[in-house]
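Below is one structure, written out as structure tokens, with a few remarks after it.
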Amino acid sequence: MTALGTAYELRSFLRRNGSRSVGSALAVAECLRTIVPSDCLALSVWDPVLGRHRALASSYPAPLTTFLDESMHTDPLFGAVKTTGVPTRVRDLPVRLRRGDIFDLVIGPSGFRDGVTQCLYAPDGRYVGMLNASTLDSRHPDDDTVALLALLGPELGAALDPVPPPEPATARLDDGITEGMLVAPDGRVLPLSARPHVELVGSAALTAAIARVRGPVRHLLVHRDATYALEMYRARSGVVVLHREVAPPAGLTVRELQVLAALADGSSNGEIAGALGVGARTVATHVEHVLAKTGCRNRADAAATAAARGLLV
């Protein structure tokens, strides 16, 4: 199998199995030897508690593996390589940097003619480990090898990360209940499911909430005679709006939710009556029902409840 074919197989393996266990790491290292022609290769994970590396798989002699684990990260050359963010070969280093313990204790005494170090990062940017490979043949690693390692870097980093990747919120679109849409900056709506309620975007309250989205947020939207649970987050091309119709909370009616939202805005009974086109006495009754059903002691408590639910009307 070609190196490119092996790289694709390795990527699939990493996504299924990771590489933190010894068994998985050995399998990964075996694949990497096909991708990276080398005489010695090591895959190491960073231990943030001990402040050192730990080899998961290594074909270096034991003393050299110990150096990689315990000392390599203290060498200024490692710091220089780490800041590049790309696989770095010995030949890629400026001549002035080709010195220090890595050269004096590893490269020189072992007769290595070239090699590559790749620092690996979790999806959120945390440093999680490194890949080292050394060769007695100055022709390797070649440019194609470096390109393949750069391609595999994010997968290797994610596989070393002890934090499992979060399930994307859009995975819920397959549950048969949740609908979704992407709202572009210009207001265009791209359906993400079979029956999204695109009419919700016509709600002034939702439009304003979409404009405020930075991180993931949840809202309860009252639209016409229905209530929707919303989850929104910003994507590269707009705001993803996941939604599903739900029963009003606490046994409230849609009208009582409208009153609750008005209480959160600090409106008086008279102002609420004018906005809803009903009498002040009717509003007073609605307020009593809202307080009783939600267990709130007063209007301020009710306003806090509305804010906690992200109520939009």
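Quick notes on this one:
- Taking the convex hull of the alpha carbon positions in the chain and averaging its projected area over all directions gives 22.5 nm².
- Value of relative contact order over segment 202-313, rounded to a whole percent, pairs C-alpha under 8 Å and six or more apart: 28 percent
- Projected area, mean over directions - segment 36-174, Cα convex hull, nm²: 9.4 nm²
- Local electrostatic count, residue 37, Cβ distance below 10 Å [Lys/Arg +1, Asp/Glu -1]: -1
- Residue-averaged [θ]222 nm for the chain, counting only DSSP H segments that reach four residues, each worth -39500 (n - 2.57): -12000 deg cm²/dmol
- Relative contact order computed over the chain (Cα-Cα under 8 Å; 6+ residues apart), in percent: 12 percent
- Euclidean distance of C-alpha centroids, segment 113-186 and segment 207-236, integer Å: 31 Å
- Potential extension, residue 208-residue 246 segment - 0.36 nm per residue separation minus Cα distance: 11.5 nm
- Each peptide among 40-46, 9-15, 231-237, 177-183 gets the average number of other Cβ atoms lying within 10 Å of its residues, and from highest to lowest they stand as 40-46, 177-183, 9-15, 231-237.
- Projecting the Cα atoms of 65, 88, 135 onto the dipole axis of segment 1-146, where Lys and Arg carry +1 and Asp and Glu carry -1 at the beta carbon, places 88 farthest toward the positive end.
- Based on C-alpha pairs under 8 angstrom that are at least 6 apart in sequence, segment 3-160 has a relative contact order of 28 percent.
- Formal net charge of residues neighbouring residue 67 (Cβ-Cβ distance under 10 Å; K, R +1; D, E -1): -4
- Placing a pseudo-label 7 Å from each Cα along the Cα-to-Cβ vector at residue 285 and residue 217 gives an inter-label distance of 3.5 nm.
- Measuring r between the beta carbons of residue 21 and residue 138 and using R0 = 30 Å, the FRET efficiency lands at 0.30.
Every number here is computed from the coordinates shown, using simple stated rules; none is lab data. Since the model is a prediction, treat every value here as computed from it, not as a measurement. FYI the Cβ positions are ideal-geometry reconstructions off the backbone, even for glycines, and counts take in every protein chain you see.
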